[in-house]
């Protein structure tokens with residue numbers, strides 16, 4: 001690896017985020033960088049992005065987020081704030097002046113957190129209807145509807161997040177025809193083109209930085225689209241957003257200086273390390289919440305201890321285990337309170353990324369990642385807490401007809 005600055009600050013337009021690569025390799029691999037946004041502290045990368053539900057990190061109120069976590073980047077889906085009807089949602093009525101973000105103000109998100117906004121929540125709930133040429137299907141809190149591309153662009157302008165991701169025609173089907181793939185790339189290309197055109201037509205407005213989507217397809221299936229990103233739109237975008245970590249490895253070299261966000265759902269720290277090794281700068285990890293809700297407390301660390309162990313160690317402690325029922329130790333059954341578990345798990349995750357960045361800086365990431373995979377088990381075991389989490393809300397699960405009840409009866 002070699003240390004290098006991606007691009008000087010004086011070369012970047014005022015409206016763009018400033019991203020600096022402090023350490024990278026000409027052959028890909030993990031990257032060490034800094035992402036600077038207007039009004040916020042530098043964000044060291046690689047870093048995690050906390051996924052939200054209806055504007056908040058599940059189980060953590062905004063005051064607890066500021067006082068007891070080190071969360072410094074969050075992702076919000078605009079579908080969480082829209083109604084099924086076309087009436088104006090309350091978030092758009094939030095008074096905001098000057099450089100204020102209406103979305104940040106509406107959700108009481110501290111200014112120290114990077115606010116990333118896209119059309120869908122993460123993980124995305126696949127709607128029953130397909131996207132249209134001018135709109136994507138979304139899942140609001142009260143039902144499915146379509147979101148016009150122009151409507152989404154207007155939302156990014158009105159809500160003013162720190163980063164707005166572009167629309168992508170994502171396909172939910174298991175089997176995809178070649179014709180459908182071509183339509184997906186054509187739509188994504190057209191939506192990006194139209195978004196840039198709208199921004200140029202209203203260049204006097206304060207648009208948030210735009211991250212262009214990279215589809216979860218093989219290189220040859222989106223070669224023309226990626227080439228157009230390089231030749232036509234490179235100066236109009238501030239970064240790239242992927243939906244599959246493998247897509248990051250396909251990016252052409254002229255786009256290497258741009259920050260990369262991956263809106264995925266890695267299930268284990270092994271998956272996170274694999275994503276970082278492919279060059280991901282920011283990654284959403286919504287599985288933290290599902291882990292907390294199952295009563296699992298992260299117990300992994302990076303790098304792993306130098307002392308040998310008898311066998312693969314568990315990645316988490318099952319707090320539902322009877323062994324904690326009468327324990328007076330700090331790690332006791334009281335940790336089943338989802339707020340405490342969520343704070344604990346984000347604390348472990350934050351320390352994990354700090355040490356990952358230090359290993360990249362020291363040039364030992366690959367070796368330490370291999371040791372980590374040998375030291376820990378490769379999956380999180382649900383344990384006794386499976387199915388004992390909080391009640392599932394309608395907007396969290398897709399209904400396909402004939403479903404069994406997702407929540408047990410609390411009263412008879």
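When the chain is fully extended, how far beyond the present Cα-Cα distance does residue 193 get from residue 358, taking 0.36 nm per residue of separation?
Result: 55.5 nm gained on full extension.
Which of rounded, prolate or oblate describes segment 93-202 when judged by the alpha-carbon gyration tensor and an a/c cut-off of 1.5?
On the way: a/c = 2.33, a/b = 1.63, b/c = 1.43.
Verdict is prolate for segment 93-202.
Relative to a virtual label point 7 Å from the Cα of residue 201 in the Cα→beta-carbon direction, which members of segment 154-168 show backbone nitrogen distances below 19 Å?
Residues passing the 19 Å test: 154-159, 166-167.
List 323, 292, 184 from most exposed to least, where exposure is judged by having the fewest other Cβ atoms within 10 Å.
Numbers: 323 10, 292 31, 184 22.
So the ranking, lowest neighbour count to highest, is 323, 184, 292.
Simple spin-label model, 7 Å along Cα-to-Cβ: residue 231 to residue 274 in nm?
With each label point 7 Å from Cα toward Cβ, the separation is 3.4 nm.
Can you give the FRET efficiency to the nearest 0.05 for residue 367 and residue 299, using r as the Cβ-Cβ distance and R₀ = 30 Å? Intermediate results must be reported in sequence, preceding the final value.
Working: r = 22 Å, r/R0 = 0.74.
Result of the calculation: an efficiency of 0.85.
Would you mind ranking 68, 120, 344 by Cβ crowding within 10 Å, fewest neighbours first?
68, 344, 120
For residue 381 and residue 130 in the same chain, what is the full-extension length gain: residue separation times 0.36 nm, less their Cα-Cα distance, in nm? Present the calculation step by step, with values, prior to reporting the outcome.
Working: separation 251, 0.36 × 251 = 90.36 nm, distance 3.47 nm.
Once the chain is fully extended between residue 381 and residue 130, it gains 86.9 nm.
So how far apart, in nm, are the two label points at residue 310 and residue 186 if each is 7 Å from Cα heading toward Cβ?
6.2
With both partners inside segment 68-169, how many of the DSSP beta bridges are antiparallel, as a percent to the nearest 5? Display every interim value, and only then the final one.
Values: 6 of 13 bridges.
Once the DSSP bridges in segment 68-169 are tallied, antiparallel ones form about 45 percent.
Could you give the length gained by full extension between residue 224 and residue 111, i.e. 0.36 nm per residue of separation minus their alpha carbon distance, to one decimal place?
Numbers: separation 113, 0.36 × 113 = 40.68 nm, distance 3.83 nm.
Between residue 224 and residue 111, full extension yields 36.8 nm more.
Evaluate the distance, in nm, between pseudo-label points positioned 7 Å from the Cα of residue 179 and of residue 93 along their respective Cα→Cβ axes.
The answer from the label model is 4.6 nm.
Apply the a/c threshold of 1.5 to the C-alpha gyration tensor of segment 126-270 and tell me whether it is rounded, prolate or oblate.
Details: a/c = 1.36, a/b = 1.06, b/c = 1.28.
Here segment 126-270 falls in the rounded category.
Every read-out reported here was derived from the displayed coordinates using simple, explicitly stated rules and does not represent laboratory data. Model, not experiment: these values are computed from the prediction. Virtual Cβ from ideal backbone geometry, glycine too; neighbours counted across all protein chains shown.
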